[in-house]
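Visitor: Below are the structure tokens for one structure; questions will follow.
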Amino acid sequence: MMRVIVTTHPFDNQIADWGRENGLAVSLNHFGRKVQESEYLDFIKDADVIIAGTEKIPHEVLDHAPNLKLIARVGIGLDGLDLNFLRKKNVTVTYTPDAPTMAVAELAVAQMINLSRGVLLADKLIRHGNWHRFLGIGLAQQKVGIAGFGRIGKSVSRLLRGMGVSEIFVHDINPDVEAANILNVRLVDKAELFEVADILSIHLPLTSDTYGWVTRDCLKSMKKTAMLINTARAGILSESLLMEALEQRWIKGVALDVFELEPYLNGPLISRDDVIMSCHMGSMTEQSRYRMEFEAMEDVLAFVASSGVRVVRPVPESEYQIQTAAVAGR
């Protein structure tokens, strides 16, 4: 019987039962949280299949999982996996790139409104007995920058267009010119993106090229009234650099859904009223989460039914090429 270890949390019990009904031995994450690297070894050593989340699975652990044949990724980010290492071990990797797109895009737009209108700060003040009405800025009156024009970046653009935002500036290393024309967004270089944006939302994958992509010079070039949102990956934007930018008033405010070390419960950003924090919950809508988990299990069942040949959503060759180039460039 194929043993499937689900490391991601939460995971729908009905989807797990669906796997069991189809002959899989499914074990769920018993930690009730993201698995730590030190806990992986015993947890997945007997796995034939891992259904994984965003967590990093180190080489040492994978070397001690001799039966591993498939990692089905719940979600889109692949920075926690060394694809080329897994290829050498003949481990297939799948992902569910479309499922979380709209949920992440909606959170990014929601944080644009929260930052622009002082919604969460007003809530905090009311709870402490203070009634203060903030004079905010309408979203439609602002220039919005989008770093990364893939699935999520495009979805953010569509949502903003529907809300009357007329000035949208996009930067991407390999921009989709046709989509930019259809959505009527302006493609710009990196420097202009930071200089022009009143709000800048990051939607880049984490690679060696994008690690530390937001530099000190980038932040210093922004408007003093500008606001920054990161719902992508923490490594793109350093938390210590963010603290410096806020303390020096290079920018006005920040919204973060991702952190260098999660859970982020006692860092210096917690004390700041100009920072909105959420707990890596960009994909956490009922619809998105169910679809991601369902598609991951669907990939597992297809893989098993075809004796390890067919998968529904294999990671494309381009992702392997990106990792190869990233390693070569280090």
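Visitor: For the range 299-318, which residues satisfy the criterion of being of a type outside the set (V, I, T), at pLDDT 85 or above and in contact with a helix residue (DSSP H, G or I) (Cβ under 9 Å, 6 or more places away or on another chain)?
Guide: L301, R313, P314
Visitor: Among the candidates L200, L241, L159, L206, single out the residue that is touching a Leu at 6+ places or on another chain (Cβ under 6 Å) and of a type outside the set (K, R).
Guide: L200
Visitor: Please find, within the range 174-209, the residue that is most open to solvent (accessible area, probe 1.4 Å) out of those that are assigned to a helix (DSSP H, G or I) and closer than 29 Å to T324 by Cβ.
Guide: E178
Visitor: Now, a different point. Return the residue satisfying two criteria in turn: it lies in the range 166-193 and is in contact with a His (Cβ under 6 Å, 6 or more places away or on another chain) and of a type in the set (A, V, I, L, M), and of such residues it is nearest to D217 (Cα to Cα).
Guide: Out of the qualifying residues, it is L193.
Visitor: Another question about this same structure. Any chance you could count how many residues in the range 54-71 are free of Cβ contacts under 8 Å to residues at least 12 places away in the same chain and of a type in the set (A, V, I, L, M, F, W, C)?
Guide: Counting residues in the range 54-71 that are free of Cβ contacts under 8 Å to residues at least 12 places away in the same chain and of a type in the set (A, V, I, L, M, F, W, C) gives 0.
Visitor: Could you give me the residue pairs with C-beta distances under 7 Å whose first residue belongs to the range 213-236 and is of a type in the set (S, T, Y), whose second residue is part of a loop (DSSP other than H, G, I, E, B) wherever it lies, and which are 6+ apart or on separate chains?
Guide: Close Cβ pairs satisfying both conditions: T225/D198; T225/K252; T231/D257; T231/V258; T231/G282.
Visitor: Would you tally the residues in the range 21-52 being of a type in the set (D, E, K, R), open to solvent by 60 Å² or more (accessible area, probe 1.4 Å), within 21 Å of A65 (Cα to Cα) and without any contact (Cβ under 8 Å) to a residue 60 or more places away in the chain? Spell out how you get there, then give the answer.
Guide: We begin by selecting, within the range 21-52, every residue of a type in the set (D, E, K, R); these are 21, 33-34, 37, 39, 42, 45-46, 48.
Narrowing further to those that are open to solvent by 60 Å² or more (accessible area, probe 1.4 Å): 21, 33-34, 37, 42, 45-46.
Cutting the leftovers down to within 21 Å of A65 (Cα to Cα) gives us 34, 37, 42, 45-46.
Filter once more, keeping what is without any contact (Cβ under 8 Å) to a residue 60 or more places away in the chain: 37, 42, 45-46.
Number satisfying all stated conditions: 4.
Visitor: Of the residues W250, W213, only one is among the aromatic types (F, W, Y) and more than 23 Å from the chain's Cα centre (by Cα); which? Walk me through it before giving the result.
Guide: Working: W213 fails: more than 23 Å from the chain's Cα centre (by Cα).
Step by step, each of W250, W213 is checked, and only W250 is among the aromatic types (F, W, Y) and more than 23 Å from the chain's Cα centre (by Cα).
The values are calculated or read from the model by the stated rules, or taken from the named source; none is laboratory data. Remember, predicted model here, so these are calculated numbers, not experimental data. Every residue, glycine as well, gets a Cβ built from its backbone with ideal geometry; the counts of neighbours run over all protein chains shown. The protein model used for the area step is the full one, side chains on, heavy atoms only, and it has no ligands, DNA or RNA in it. Shrake-Rupley method; radii C 1.70, N 1.55, O 1.52, S 1.80 Å.
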